[in-house]
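*Asks:* One structure, pasted below without further comment.
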Amino acid sequence: MQVFNSLTRRNEELKPLEGNEIRLYTCGPTVYNFAHIGNFRAYAFEDILRRVVQFDGMKIRQVMNLTDVDDKTIRGANAAGVALTDYTKTYKDAFFADLKKLNIQPAEVYPAATDHIPEMISLVSKLIEKGVAYKSDDGSVYFNVRKFPGYGKLAHIDFDHQQTGARCAADEYDKENVGDFALWKAWEESDGPVGWDSPWGRGRPGWHIECSAMSMKYLGETFDLHTGGIDNLFPHHENEIAQAEAATGKPFVKTWMHCAHLRVNGEKMSKSAGNFFTLRDLIEKGYTGREIRYVLINAHYRQGLNFAFSALEDARKALARIDACVERATDGEAPDWAKAHLDDFTAAVNDDLNMPKAFAALFELVRDTNAHGGGSVLGVFKRMDEVLGVIFFGKAEKAEVPAEIQALLDQRAEARKAKNWAESDRLRDEIAAAGWLVKDSREGQSVTKKA
Ligand code: AMP
Ligand code: ZN
């Protein structure tokens, strides 16, 4: 599998540093609000990435952090007058529900920042010991960027021409304002009840130290792959490298991958610009998680994607076309023409996740299947869907029905054949009591789990 490494700015083979497992760290959400579909573009890209790794027969260990303490979460909790943990819990729960709707595979670990304060304090202490970090008068701790020679290697900053020495307390700043960044922030009035004791007094961790501490805890001091949206590249990822490598003296991450932004009218979708849609907004408008997923994964991850409702309408049509074709597909040895499309698909996803090409191969398969009036291509669709996660297999769906519900459904089918309507209704109620809704149609009965 070839991927574009933001660090070397080249396409490189992605293969595990150790054994058969890719260790992946993905920067997760700040849980102060519902995530918007721009955020989900990043998570959908990472989902495709982890699926292709597995498609290729490798294992994956993905860690995604939950930023549950920072300026925004503290402001939100204090404004609402609730404890920080109560405030963030709402948005953590919402986040996981949204991931499910988008059929995004769960990461192996979701560490929350507030559960790892001791690890962060110990990393900051180490950086002070090494002489690359210092305490300021107010009890904050800063990383001295001039003490780490590699600073700027990810963002390719020409450091010699920067004026430095300034200190930046905010977590986010741009390349023109490179300066010492906060590892630990001293408690302030506006923090209210939020704070932890440390060797430097009461305070809280900076955002960047969180990811260095938690990634190394769960993936080791050197690991394979680290990703995020392109806005994370600087300063966040640059700072993660500085913190980790200054502390361990080892290379932190081999491969960095970044996805381009989801835009609205040419502008980055963001909370602050106010030009965002949450997943909930779109679902309320009648679009499905599957349609939204389709739109998010369809473009190449390094290409800007402009959000438009017409794309959701196109997704609906495309999915209907795929569904109709899958219904005609059967099991069995795939014909050569279908295998050729699978080969194209495989080559495309292994070429730096070329999803436009992968979808082209899928639609060639649809076209040829229709031209043949069907065919034993179900296995090919299923194999492609290991990566795509958008194809609806009516039969596969039924397989998720628990055995005891299926047994009741079978009994009910018998009862209906015998025109025993009372028994049929009784069984329907019994199935409903177990949490499933039965629908009868000309094709027979189908069930859905009650929401
Ligand atoms: P945040 O909650 O702002 O830290 O963002 C969480 C993730 O979403 C990060 O990986 C960001 O880079 C990514 N992200 C934020 N906005 C967008 C956008 N408009 N398009 C794509 N990714 C985004
Ligand atoms: Zn991060």
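*Asks:* Name the residues in the range 407-451 that are part of a helix (DSSP H, G or I), farther than 18 Å from residue 394 by Cβ and open to solvent by 60 Å² or more (accessible area, probe 1.4 Å), would you? Spell out how you get there, then give the answer.
*Replies:* To start, the set of residues in the range 407-451 that are part of a helix (DSSP H, G or I) comprises 407-417, 421-433.
With the extra rule that they be farther than 18 Å from residue 394 by Cβ, the set shrinks to 407-408, 411-412, 414-417, 421-433.
If the condition is that a residue be part of a helix (DSSP H, G or I), farther than 18 Å from residue 394 by Cβ and open to solvent by 60 Å² or more (accessible area, probe 1.4 Å), then 411, 414, 416, 417, 421, 422, 425, 426, 428, 429, 430, 433 are the ones that fit.
*Asks:* Note down all Cβ pairs under 7 Å where the first residue falls in the range 200-213 and is more than 16 Å from residue 172 (Cβ to Cβ), the second is polar (S, T, N, Q) and within 12 Å of ligand 2 (Cβ to nearest atom), and they're at least six residues apart or on different chains.
*Replies:* Correct list of pairs: 212/243.
*Asks:* Mind listing just one residue for me: the one in the range 63-77 that is more than 13 Å from ligand 2 (Cβ to nearest atom) and either touching a residue at least 60 places away in the same chain (Cβ under 8 Å) or open to solvent by 60 Å² or more (accessible area, probe 1.4 Å) (or both) and, of those, nearest to residue 221 (Cα to Cα)?
*Replies:* 69
*Asks:* I'm trying to understand the selection: among the residues of the range 170-216, which are within 16 Å of ligand 2 (Cβ to nearest atom), assigned to a helix (DSSP H, G or I) and within 18 Å of residue 142 (Cβ to Cβ)?
*Replies:* Answer for the range 170-216, where residues must be within 16 Å of ligand 2 (Cβ to nearest atom), assigned to a helix (DSSP H, G or I) and within 18 Å of residue 142 (Cβ to Cβ): 207, 208, 209, 210, 211, 212, 213.
*Asks:* From the list 48, 104, 60, exactly one residue is open to solvent by less than 10 Å² (accessible area, probe 1.4 Å), modelled with pLDDT of 95 or more and away from ligand 2 (no atom under 16 Å from the Cβ). Which is it?
*Replies:* Details: 104 fails: open to solvent by less than 10 Å² (accessible area, probe 1.4 Å); 60 fails: open to solvent by less than 10 Å² (accessible area, probe 1.4 Å).
Among 48, 104, 60, only 48 is open to solvent by less than 10 Å² (accessible area, probe 1.4 Å), modelled with pLDDT of 95 or more and away from ligand 2 (no atom under 16 Å from the Cβ).
Quick grid of which residues meet (1) within 12 Å of residue 224 (Cβ to Cβ); (2) more than 16 Å from ligand 1 (Cβ to nearest atom); (3) of a type in the set (D, E, K, R):
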residue: 8; (1), (2), (3): no, yes, no
residue: 12; (1), (2), (3): yes, yes, yes
residue: 17; (1), (2), (3): yes, yes, no
residue: 21; (1), (2), (3): yes, yes, yes
residue: 31; (1), (2), (3): no, no, no
residue: 38; (1), (2), (3): no, no, no
residue: 42; (1), (2), (3): no, no, no
residue: 47; (1), (2), (3): no, no, yes
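*Asks:* Hey, another quick one. Restricting attention to the range 107-131, report how many residues are crowded, with 21+ Cβ neighbours inside 10 Å and within 27 Å of residue 179 (Cβ to Cβ).
*Replies:* Within the range 107-131, residues that are crowded, with 21+ Cβ neighbours inside 10 Å and within 27 Å of residue 179 (Cβ to Cβ) number 6.
*Asks:* When you go through 184, 200, 207 one by one, which is the residue that is more than 16 Å from ligand 1 (Cβ to nearest atom), of a type in the set (A, V, I, L, M, F, W, C) and open to solvent by 20 Å² or more (accessible area, probe 1.4 Å)? Step through it out loud before you land on a result.
*Replies:* Numbers: 184 fails: open to solvent by 20 Å² or more (accessible area, probe 1.4 Å); 207 fails: more than 16 Å from ligand 1 (Cβ to nearest atom).
That would be 200, the only listed residue that is more than 16 Å from ligand 1 (Cβ to nearest atom), of a type in the set (A, V, I, L, M, F, W, C) and open to solvent by 20 Å² or more (accessible area, probe 1.4 Å).
*Asks:* Can you name every residue in the range 78-92 that is within 16 Å of ligand 1 (Cβ to nearest atom) and surrounded by fewer than 23 Cβ atoms within 10 Å (Cβ to Cβ)? Write out each step before concluding.
*Replies:* Kept after step one, since they are within 16 Å of ligand 1 (Cβ to nearest atom), are these residues of the range 78-92: 87-88, 90-92.
Once the filter is applied, which keeps residues that are within 16 Å of ligand 1 (Cβ to nearest atom) and surrounded by fewer than 23 Cβ atoms within 10 Å (Cβ to Cβ), the range 78-92 yields 87, 90, 91, 92.
The values are calculated or read from the model by the stated rules, or taken from the named source; none is laboratory data. The model shown is predicted, which means the values in this text are computed figures rather than measured ones. So basically every Cβ, Gly included, is an ideal-geometry build from the backbone, and we count neighbours across all protein chains shown. Side chains included, ligands, DNA and RNA excluded: accessible areas come from the protein's heavy atoms. Shrake-Rupley method; radii C 1.70, N 1.55, O 1.52, S 1.80 Å.
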